[in-house]
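A.B. asks: First, the structure itself, so that you have it in front of you.
The values are calculated or read from the model by the stated rules, or taken from the named source; none is laboratory data. None of these values were measured; they are calculated from a predicted model. Please note: Cβ atoms are built from the backbone with ideal geometry, for glycine as well, and neighbour counts cover all protein chains shown. Each accessible area value is taken on the protein alone, full model and side chains, heavy atoms only, with ligands, DNA and RNA left out. Shrake-Rupley method; radii C 1.70, N 1.55, O 1.52, S 1.80 Å.
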Amino acid sequence: MFFCNNSFFNFNNCCVSTCTPTACGPTVVVTCDNCCTRVCSEVTFTVTITNTATCTIECAALHINVPRSFCFHPGSIQVDSTPQETATPECISLGTIAPSATVTVTYTVTVMECKRYNKTQALLTGVVCCCCENKKVKIPSNVNCLQVCCCCCGSTTSE
């Protein structure tokens, strides 16, 4: 058993549905609204989670690695355009993600130092039922690389 979404989840309960082995695997993709920016610029990141599996992901949570060269904006996290005012990048509760569903998480940071390349990655965790067993899963995203230039590039978004 473990605690999830204000209740206990029992790993010993056999799930009713099973994943299709060829389709077991959600995708997690991190993008940002600007690929090259300057110090003091705001950047919005988007994490798109698509459940390509035939089974539901229970107790889904997203964990975002925010580099030290960024200042995270508290209160900027949104899940499917709904503000998550108390959420932190370390653990964003997503609840249940149905098969074929897509969840979009956005958040904003300010670039605080001129570090040439800033790598951001997210990790989706949850529980899925495969072969009549509940299994914890950890699905990493791609690594998004934001270039910070001290002299040559500016924001590509309107300011």
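A.B. asks: Filter the range 33-52 down to the residues that are touching a Leu at 6+ places or on another chain (Cβ under 9 Å) and farther than 18 Å from L124 by Cα, then identify the one that is modelled with the highest pLDDT.
C.D. replies: So, considering only residues that are touching a Leu at 6+ places or on another chain (Cβ under 9 Å) and farther than 18 Å from L124 by Cα, the one modelled with the highest pLDDT is V43.
A.B. asks: Suppose the filter is open to solvent by less than 70 Å² (accessible area, probe 1.4 Å), at pLDDT below 90 and outside any strand (DSSP E or B); does C55 pass it?
C.D. replies: So C55 fits the description; yes.
A.B. asks: Can you work out which of the residues in the range 58-111 that are of a type in the set (A, V, I, L, M) and assigned to a loop (DSSP other than H, G, I, E, B) is surrounded by the fewest Cβ atoms within 10 Å (Cβ to Cβ)?
C.D. replies: In this case the residue turns out to be A98.
A.B. asks: Here is a follow-up. Being touching a Ser or Thr at 6+ places or on another chain (Cβ under 7 Å), open to solvent by 20 Å² or more (accessible area, probe 1.4 Å) and within 23 Å of N144 (Cα to Cα) is true for just one of C40, C114. Which residue is that?
C.D. replies: C40
A.B. asks: Something else now. From C149, C130, grab the single residue that is at pLDDT below 95 and out of contact with any strand residue (DSSP E or B) (no Cβ under 7 Å at 6 or more places or on another chain).
C.D. replies: Selected residue: C130, the only one of C149, C130 that is at pLDDT below 95 and out of contact with any strand residue (DSSP E or B) (no Cβ under 7 Å at 6 or more places or on another chain).
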